[in-house]
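What follows is one structure encoded as structure tokens, with my remarks underneath.
The values are calculated or read from the model by the stated rules, or taken from the named source; none is laboratory data. A quick note: this is a predicted structure, and the numbers were derived from the prediction, not measured. We place every Cβ from the backbone using ideal geometry, glycine too, and count neighbours over all the protein chains shown.
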Amino acid sequence: MEFVLRSYAPEDADALGVVFFRAVHEGAVSKYSAEQRNAWVPTPPKGEGWEAKLAASDCVVALCEGKIVGFMTRQEACFDMAYVLPEVMGKGVAGVMCAVIEGRARAEGIARMTVDASHLAEAFFARRGWSLVQRQEVERRGVILQYCRMDKHLGPTEDRLSA
């Protein structure tokens, strides 16, 4: 599969909302109940609040044949969102986006990152050197969702720059 990456542009917001919605409602079926998926994201997010959230983050967008197929966001030292369309899961798109986000964080001098990963994303991050810190729960719209806090040591950037 050939894809390209680029940074977020404001006109991407609605398409990223659809990716988020589909990733949860179709991609996470094996890990979360319908009730949990509806509590997590009942409709594709859009509007000023969604656009502002994306614009305020370091956001990488993946495209295949000109169509947006995934995105990942970072807020300082924390992965905020990491989603791909179900049809590209397991095809390497998320892995490359993850490497870009980690590389950007490292270039900014961030030595450790965290992520609150879903059950679906836990194995993805673990394969990339992330460690489980703690299993947690959050209530969304009256429904309990389980996730896990993970972290990864990115290494001292000063040593890499001087080598």
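Do we have any residue at all in the range 90-113 that's assigned to a strand (DSSP E or B), crowded, with 19+ Cβ neighbours inside 10 Å and either under 17 Å from the mean Cα position of the chain (by Cα) or at positive phi (or both)? Reasoning before the result, please.
So in the range 90-113, the residues assigned to a strand (DSSP E or B) come out as 112-113.
Filter again for crowded, with 19+ Cβ neighbours inside 10 Å, leaving 113.
In the following step, the residues that additionally are either under 17 Å from the mean Cα position of the chain (by Cα) or at positive phi (or both) were identified as 113.
Scanning the range 90-113 turns up at least one residue that is assigned to a strand (DSSP E or B), crowded, with 19+ Cβ neighbours inside 10 Å and either under 17 Å from the mean Cα position of the chain (by Cα) or at positive phi (or both).
Just the residues that are within 24 Å of residue 44 (Cα to Cα) and in contact with a helix residue (DSSP H, G or I) (Cβ under 8 Å, 6 or more places away or on another chain), please, taken from the range 99-133. It would help to see each step written out before you state the result.
To start, the set of residues in the range 99-133 that are within 24 Å of residue 44 (Cα to Cα) comprises 101, 115-122, 124.
Those that are within 24 Å of residue 44 (Cα to Cα) and in contact with a helix residue (DSSP H, G or I) (Cβ under 8 Å, 6 or more places away or on another chain): 115, 117, 120, 124.
Out of 21, 79, which single residue is among the aromatic types (Phe, Trp, Tyr), free of Cβ contacts under 8 Å to residues at least 60 places away in the same chain and crowded, with 20+ Cβ neighbours inside 10 Å? Walk me through how you get there before you give the answer.
On the way: 21 fails: crowded, with 20+ Cβ neighbours inside 10 Å.
The match here is 79.
Using the structure shown, decide if residue 62 is among the aliphatic types (A, V, I, L, M), in contact with a Phe, Trp or Tyr (Cβ under 6 Å, 6 or more places away or on another chain), closer than 21 Å to residue 122 by Cα and at pLDDT 95 or above.
Values: among the aliphatic types (A, V, I, L, M): yes; in contact with a Phe, Trp or Tyr (Cβ under 6 Å, 6 or more places away or on another chain): yes; closer than 21 Å to residue 122 by Cα: yes; at pLDDT 95 or above: yes.
Here the answer is yes, as residue 62 does meet what is asked.
Out of curiosity, is residue 121 at negative phi and modelled with pLDDT of 95 or more?
Details: at negative phi: yes; modelled with pLDDT of 95 or more: no.
No.
Answer yes or no: is there a residue in the range 152-162 that is surrounded by 15 or more Cβ atoms within 10 Å (Cβ to Cβ) and either within 26 Å of residue 9 (Cβ to Cβ) or touching a Gly at 6+ places or on another chain (Cβ under 7 Å) (or both).
Let us first name the residues in the range 152-162 that are surrounded by 15 or more Cβ atoms within 10 Å (Cβ to Cβ), namely 152, 154, 157.
Next cut, either within 26 Å of residue 9 (Cβ to Cβ) or touching a Gly at 6+ places or on another chain (Cβ under 7 Å) (or both) only: 152, 157.
Yes, there is a match, as at least one residue in the range 152-162 is surrounded by 15 or more Cβ atoms within 10 Å (Cβ to Cβ) and either within 26 Å of residue 9 (Cβ to Cβ) or touching a Gly at 6+ places or on another chain (Cβ under 7 Å) (or both).
State all residues of the range 99-143 that are of a type in the set (A, V, I, L, M), more than 17 Å from residue 89 (Cα to Cα) and in contact (Cβ under 8 Å) with a residue 60 or more places away in the chain; if no residue qualifies, say none.
Correct list: 100, 143.
Just to be sure, is residue 144 β-branched (Val, Ile, Thr), part of a strand (DSSP E or B) and either under 20 Å from residue 30 (Cβ atoms) or in contact with a His (Cβ under 9 Å, 6 or more places away or on another chain) (or both)?
On the way: β-branched (Val, Ile, Thr): yes; part of a strand (DSSP E or B): yes; either under 20 Å from residue 30 (Cβ atoms) or in contact with a His (Cβ under 9 Å, 6 or more places away or on another chain) (or both): yes.
Against the criterion (β-branched (Val, Ile, Thr), part of a strand (DSSP E or B) and either under 20 Å from residue 30 (Cβ atoms) or in contact with a His (Cβ under 9 Å, 6 or more places away or on another chain) (or both)), residue 144 qualifies.
Consider the range 48-76. How many of its residues are among the charged types (D, E, K, R), within 28 Å of residue 112 (Cβ to Cβ) and surrounded by fewer than 19 Cβ atoms within 10 Å (Cβ to Cβ)? Walk me through how you get there before you give the answer.
First pass over the range 48-76, keeping only residues among the charged types (D, E, K, R): 48, 51, 53, 58, 65, 67, 74, 76.
Retained after the next criterion (residues that are within 28 Å of residue 112 (Cβ to Cβ)): 53, 58, 74, 76.
Narrowing further to those that are surrounded by fewer than 19 Cβ atoms within 10 Å (Cβ to Cβ): 53, 58, 76.
The qualifying residues number 3.
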